[in-house]
Amino acid sequence: MVFEGDKDKIIKYFSSNYEKMYFFNLMLSEFKVKEIEKRIMNPDDFEKIKPNVSPFFVSRKKLIFNLLKNAKNFKEFILKYFELNEEEIRTFDVFLRNCVRYDIIWPITPYPKGKVRDFAIKYGLGQKRVALGYYSFEDAERKLLDSIIEKFLRL
């Protein structure tokens, strides 16, 4: 199980924010993204069978699973995530969304260097994705992201 670490911290994290707990439970629930996408895209089906999950959550689940489908060291990744403070979590969440959002065909392929490259390789998130997610931040925000990435690389 992923949550063999400090269970009290994880419980406190979710207890302090119902929306996070709801979102996490929903991401682990058994709704089929493809089926709901078909319902949303087909107005006739949508009216007959209204999806019981918000399109926002459908798209978030698709992004998360798209990013993490080939992830390595997943348990460690989750445990390190829960060690972050609120500001770091907000920044890291934006970074992860950008890693997926900017995974498009570009005329050039950027590759990260140094610790950012090590992070991409360690967790199997794709160097191009991580580079695009990383460089979507301005210099000041990038310093905070650097410190977060360092936390993920510590043993």
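Of the options 82, 132, 106, report the single residue whose Cα projects farthest towards the positive end of the charge dipole of segment 64-132 (beta-carbon charges: Lys, Arg +1; Asp, Glu -1). In segment 64-132, that residue is 106.
Please work out whether segment 91-130 counts as rounded, prolate or oblate from its C-alpha gyration tensor, where a ≥ b ≥ c are the square roots of the eigenvalues and a/c under 1.5 means rounded, while otherwise a/b larger than b/c means prolate and anything else oblate? Oblate shape, in that a/c is at least 1.5 and b/c is the bigger or equal ratio.
When the square roots of the Cα gyration tensor eigenvalues are ordered a ≥ b ≥ c, the ratio a/c for segment 60-130 is 1.5 or more and a/b exceeds b/c, which makes its shape prolate.
No lab work stands behind these numbers, since they all come straight from the coordinates. Bear in mind the structure is a predicted one, so any value in this text is a computation, not a measurement. Heads up, the Cβs are rebuilt from the backbone with ideal geometry, glycines too, and the neighbour counts pull from every protein chain shown.
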